[in-house]
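As structure tokens, the structure follows; a few thoughts come after it.
Only the coordinates and a few stated rules stand behind these numbers; no lab work does. Remember, it's a predicted structure, so these values are computed and weren't measured experimentally. Methodologically, a virtual Cβ is constructed for each residue, glycine included, from the backbone with ideal geometry; neighbour enumeration extends over all protein chains shown.
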């Protein structure tokens, strides 16, 4: 709702698919932040049971965002999707949006990668694939997150700048909250990793001391 009502000056169609895309990012942020957060703050473990549902809805919204862009913005024109437009004065396609095509490619790759995660987000899939194979597949959610960060960085900070062929809209209010959430995921993951290593080292030292005292 904040993504929809916070952009009332935008075209309704654009506002809708942007709200869907931003919503999918927030859900993925929650999915990836909850695990490390539970290692740091044990009280957060009660929220871990929601990760699967959040992941499912992330994938649904990410795929919906891609389809809305393809069907609504570029009208399934793949040249336009990759930043090319047909210029009548030259009689051919020309690239008019540097970086636009690469960012869209990164976004569509992330959406495609979300499909197998969506399909295998069930207890049946875990049993069918086996725990190790399922974990290996779903570790791809981190790759998806970083791809989405790159995709969003372009559209939040680079795409809507001074241009010779279109007016520049007001800055998107989600720019800095986006940076904060993206950095938070990195910080909480690194903190959880350091904490896990420290706990392991403490257990190893304790075991070594107990073995020495036993001898």
Starting with the fewest neighbours, write out 151, 138 ranked by other beta-carbon atoms found within 10 Å of each beta-carbon. 138, 151
Can you put 199, 212 in order, fewest other beta carbons within 10 Å first? 212, 199
Mean separation of Cα pairs under 8 Å and 6+ residues apart, divided by the residue count of the chain: what relative contact order is that in percent? 21 percent
Run the Debye formula on the Cα coordinates of the chain, all scatterers equal and no solvent, and tell me log10 I(q)/I(0) at q = 0.14, 0.15 1/Å. -0.95, -1.05
Residue span residue 88 to residue 41: 0.36 nm per residue of separation minus Cα-Cα distance leaves a gain in nm of 10.9 nm
Roughly how many nanometres apart are two label points built 7 Å out from the Cα toward the Cβ at residue 74 and residue 193? 3.3 nm
Any chance you could run the full-extension gain for residue 124 through residue 210? It's 0.36 nm times the residue separation minus the Cα-Cα distance, nm to one decimal. 26.7 nm
Take the Cα gyration tensor of the range 39-145, multiply each eigenvalue by 5, square-root it, and list the three semi-axes largest first, rounded to whole angstrom. 38, 14, 12
Please report, in cubic angstrom per residue, the volume enclosed by the convex hull of the alpha-carbon atoms of the range 87-184. 136 Å³
If eta is 0.890 mPa s and T is 25 °C, what Stokes-Einstein diffusion coefficient results for the range 1-84, Kirkwood Rh from Cα pairs, in µm²/s? 170 µm²/s
